[in-house]
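Student: Sharing a structure below in structure tokens format, with a few things to ask.
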Amino acid sequence: MNRQALDEFKQQIPLMGYLQAHDWQPARPLSPGRWMGLCPLHGDHKPSFLVDTNKDLFYCYGCGRGGDVIRFAELYHQVKFLQAVALLRQWRGVEPALHEAERFYRIQLHRHSEAFAYLYQRGVRSWALIELMRIGYAPGGCLRGWLTQLGHPLPALRQAGLVTGVGYDSYVRRIVFPLEGNLYGRSISAAAPPHRFLPGAKGGLYAWDQVRQYPEVILVEGLFDYAVLWEAGFHNVTCSLGTHLNARQFRQLCDGTRTVYLAFDADSNGSGPQAAQCLSKSLRERGITARLVSLPEGHDPNSFFVGGGNAQEFHRLLQEASL
Ligand SMILES: [Zn+2]
């Protein structure tokens, strides 16, 4: 690769986009186009990582390292120059493949009554909600052919995790929800593991940009919990996709003054309530008011509504939520 080809290649992968896809977030602006944030290359406690989006360069005042997107990939993945270029090239092919897969799965939803039957049974019954959450269905055995026909190279599909190492569709008989840079697939068959993500980060809190404006936010574990609450008129709801929040999700919850209602599963083994306790403690340490919603034993918000609970009753649970 000569100098010019390398420059053109780099232009196709803006540093900021690559950083954000690896869960980096700017903490504060320095000047137009220049941002400071925590350094992803060393254990950083106060933002010392500078990103200049005008020049597409980074520099860390903590560990003294800096450079372009290729240099970042070298350091972040601990690989040599040529491997870093290869990783970036693959990554560039992943995003378009994900978008195309999402589009394909949404079309498939209309063709498979078993998918609608499952959604109905989980309380997802309005067309508006299906459109809002961009819900699709992966029947299995047909995505790879479609995407390769559209010109997506097989290595990119493998890299994205859409296709397995031996070349089969990864998602088979799964309801699919698009996330930031990932797809969550919920099996409709009891024989398969229920929850699956593609490799890579699960992203931030679900629909956070729409939710962060609310002074009171409801946090749930699963997207089907999110769906029923939204349908019941609670639009200040977000979802962490599991009880364990990643660093980015936690930072998001703490990025303003608000009350967070934790409505995790009241599972009989106590793991949901325990995780909620733990999280509420961490939130309080950051000055965020956290309240624990206690659902009837064995219920999650989804089963609460599917089992006949209504908005008024859930509202009461919020009012009774303990500090
Ligand atoms: Zn650093």
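Student: Out of VAL94, VAL124, which single residue is on the phi < 0 side of the Ramachandran plot, more than 16 Å from the ligand (Cβ to nearest atom), surrounded by 18 or more Cβ atoms within 10 Å (Cβ to Cβ) and not in a loop (DSSP other than H, G, I, E, B)?
Tutor: Exactly one residue qualifies, and that residue is VAL94.
Student: Condition test on LEU219, is it surrounded by 22 or more Cβ atoms within 10 Å (Cβ to Cβ), touching a residue at least 40 places away in the same chain (Cβ under 8 Å), touching a helix residue (DSSP H, G or I) at 6+ places or on another chain (Cβ under 9 Å) and assigned to a strand (DSSP E or B)?
Tutor: Spelling it out, LEU219 is indeed surrounded by 22 or more Cβ atoms within 10 Å (Cβ to Cβ), touching a residue at least 40 places away in the same chain (Cβ under 8 Å), touching a helix residue (DSSP H, G or I) at 6+ places or on another chain (Cβ under 9 Å) and assigned to a strand (DSSP E or B).
Student: Of everything in segment 72-91 that's part of a helix (DSSP H, G or I) and without any contact (Cβ under 8 Å) to a residue 12 or more places away in the chain, which residue is most open to solvent (accessible area, probe 1.4 Å)?
Tutor: In the first step, residues of segment 72-91 are kept if they are part of a helix (DSSP H, G or I); the result is 72-77, 81-91.
Next, from what is left, pick out any that are without any contact (Cβ under 8 Å) to a residue 12 or more places away in the chain: 74, 77, 81-83, 86.
Values: GLU74: 35, HIS77: 68, PHE81: 89, LEU82: 137, GLN83: 102, ALA86: 49 Å².
Ranking the qualifying residues of segment 72-91, first place goes to LEU82.
Student: Please work out which residue is surrounded by the most Cβ atoms within 10 Å (Cβ to Cβ), limiting yourself to segment 19-30 and to residues that are under 23 Å from the mean Cα position of the chain (by Cα) and not in a helix (DSSP H, G or I).
Tutor: Filtering first and then ranking leaves TRP24.
Student: Same structure again: Exactly one of (1) under 21 Å from GLU320 (Cα atoms); (2) among the charged types (D, E, K, R); (3) part of a helix (DSSP H, G or I) is unmet by ASP265. Its number?
Tutor: Condition not satisfied by ASP265: (3).
Student: Here's another thing I want to ask about it. Return a yes/no flag: does segment 99-117 have any residue that is open to solvent by less than 20 Å² (accessible area, probe 1.4 Å), modelled with pLDDT under 95, within 21 Å of the chain's Cα centre (by Cα) and away from the ligand (no atom under 16 Å from the Cβ). Break it down stepwise before answering.
Tutor: Going through segment 99-117, the residues open to solvent by less than 20 Å² (accessible area, probe 1.4 Å) turn out to be 101, 104-105, 108-109, 115.
Adding the requirement that they be modelled with pLDDT under 95 leaves none.
No, segment 99-117 contains no residue that is open to solvent by less than 20 Å² (accessible area, probe 1.4 Å), modelled with pLDDT under 95, within 21 Å of the chain's Cα centre (by Cα) and away from the ligand (no atom under 16 Å from the Cβ).
Student: Follow-up. Quick check on segment 58-71: of everything there that is on the phi < 0 side of the Ramachandran plot and part of a strand (DSSP E or B), which residue is nearest to the ligand (Cβ to nearest atom)?
Tutor: CYS60
Student: May I pose another question? Would you pick out the residues in segment 223-238 that are more than 14 Å from ARG122 (Cβ to Cβ) and open to solvent by less than 10 Å² (accessible area, probe 1.4 Å)?
Tutor: If we filter segment 223-238 for residues that are more than 14 Å from ARG122 (Cβ to Cβ), which is where we start, we get 233-238.
Hits for segment 223-238 are VAL237, THR238.
Student: Name the residue, out of MET16, MET36, that is away from the ligand (no atom under 15 Å from the Cβ), open to solvent by less than 40 Å² (accessible area, probe 1.4 Å), of a type in the set (A, V, I, L, M) and over 30 Å from PRO139 (Cβ atoms).
Tutor: The match here is MET16.
Student: Right, here's the next one. Can you confirm whether ARG111 is basic (Lys, Arg) and within 30 Å of GLN12 (Cβ to Cβ)?
Tutor: Criteria not met by ARG111.
Student: Count, please, the residues in segment 47-57 that happen to be near the ligand (Cβ under 9 Å from one of its atoms) and either within 13 Å of LEU19 (Cβ to Cβ) or surrounded by fewer than 17 Cβ atoms within 10 Å (Cβ to Cβ) (or both).
Tutor: The qualifying residues number 1.
Student: Report, ordered by the first and then the second residue, all pairs with beta carbons closer than 8 Å, sequence separation of six or more or different chains, a first member in segment 276-291 that is closer than 16 Å to ILE218 by Cα, and a second member that is in a loop (DSSP other than H, G, I, E, B) and open to solvent by 90 Å² or more (accessible area, probe 1.4 Å).
Tutor: ILE288/THR257; THR289/LEU323; ALA290/LEU323; ARG291/LEU323
Student: Only residues in segment 233-247 that are at positive phi count as the first member; pair them with residues that are in a loop (DSSP other than H, G, I, E, B), Cβ under 6 angstrom, at least 6 apart or cross-chain, and list the lot.
Tutor: As it stands, the answer is LEU241/LYS202, since those pairs meet every condition given.
The values are calculated or read from the model by the stated rules, or taken from the named source; none is laboratory data. Keep in mind the model is a prediction, meaning the values are calculated, not measured. Neighbour counts run over all protein chains shown; Cβ positions are idealised from the backbone, glycine included. For accessibility, only protein heavy atoms count, side chains too; no ligands or nucleic acids. Shrake-Rupley method; radii C 1.70, N 1.55, O 1.52, S 1.80 Å.
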